[in-house]
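Here is the structure we will look at, set down as structure tokens.
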Amino acid sequence: MTHAQRVVQPTATIEQRVAAVEAALHARGLKPAEFIDEQRHQIEEQWVPQNGARVVARAWTDAAFRQRLFTNGRDAVAELGISMPRHHRHLVVLENTPTIHNVICCTLCSCTAFTVIGLPPDWYKDLEYRARVVRESRTVLREMGLDLPPEVEIRVWDTTADTRYMVLPERPAGTEGFSEEQLAALVSKDAMIGVARL
Ligand code: FE
């Protein structure tokens, strides 16, 4: 076709396009509304940071589990009944220490170990965060309320489709004798991303 022959079609509205996609799915016997409800239920009830918080609390209290978590994160979280999608092939658990602080991002888009730490917050998907946390991580963390002393080394980890990360925060002082449940209640999604310490 030459340029002269091209016919300009009016662009369909969003509503028209949604209706067309739905009609196409229905025509193939699929049920998009039910699928969306199921997905929403899964996201709200099952993909929650309380999963990761349980993992962290277990790692703080069980040295053998902690070791298994570093060796193969995916298998270790499965011990607590937490599954990951098949394409999340590796869960790499990053240990914070008094001198090393880990922070995760996805420079391309928004990848996280969402079945473990919950869905990414809006700011995590923001172009600003994705670009700047790599180039000027100390400044970005300070802007987010985490002012790390200069002697703490910051390590930034860029998530890929098949390698997902979670930060293992340091166990807060003064929590000796806490139950696993009490410890888990201290752990936030931000701490498992690495933009907060506990
Ligand atoms: Fe991504």
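Observations
- Screening the chain for whole DSSP H helices with an alpha carbon extent of at least 30 angstrom along the helix axis and a mean Kyte-Doolittle hydropathy of at least -0.5 yields nothing.
- Centre separation in Å (Cα based) which lies between segment 36-101 and segment 159-198: 10 Å
- Solvent-accessible area of residue 101 with every protein chain in place, 1.4 Å probe, in Å² to the nearest 10: 0 Å²
- Dipole of the chain, positive end: most advanced residue of 16, 144, 173 [Cβ charges, Cα centre]: 16
- Close amide-amide hydrogen proximity is noted between residue 171 and no other residue 5 or more places distant or on a separate chain, at a cut-off under 5 Å (H modeled in the peptide plane; Pro and chain starts excluded).
- A 1.4 Å probe run over the protein chains yields, for the chain, 60 Å² of accessible area per residue, whole-number rounding.
- Proximal charge balance of residue 38 [Cβ under 12 Å; K/R count +1, D/E count -1]: -2
- The longest stretch of the chain left intact once loop-based trypsin sites (Lys or Arg not before Pro) with at most 10 other Cβ atoms within 10 Å are removed from consideration, loops following DSSP, is 87-198.
- Size descriptor, Kirkwood hydrodynamic radius, that averages inverse alpha-carbon separations across the chain, Å: 19.1 Å
- Inter-label distance, nm, simple model (7 Å from Cα along the C-beta direction), residue 50/residue 108: 3.3 nm
- Computed in the context of the full set of protein chains, the accessible area of the chain at 1.4 Å probe radius has 53% of its extent on carbon or sulfur.
- Secondary-structure-derived ellipticity at 222 nm for the chain, considering helices only, amounts to -12500 deg cm²/dmol, per-run term -39500 (n - 2.57) for DSSP H runs with n ≥ 4.
The values are calculated or read from the model by the stated rules, or taken from the named source; none is laboratory data. Not measured: the values here are computed from a predicted model. So basically every Cβ, Gly included, is an ideal-geometry build from the backbone, and we count neighbours across all protein chains shown. In case anyone asks, the SASA skips ligands and DNA or RNA and just uses the protein heavy atoms, side chains included. Shrake-Rupley method; radii C 1.70, N 1.55, O 1.52, S 1.80 Å.
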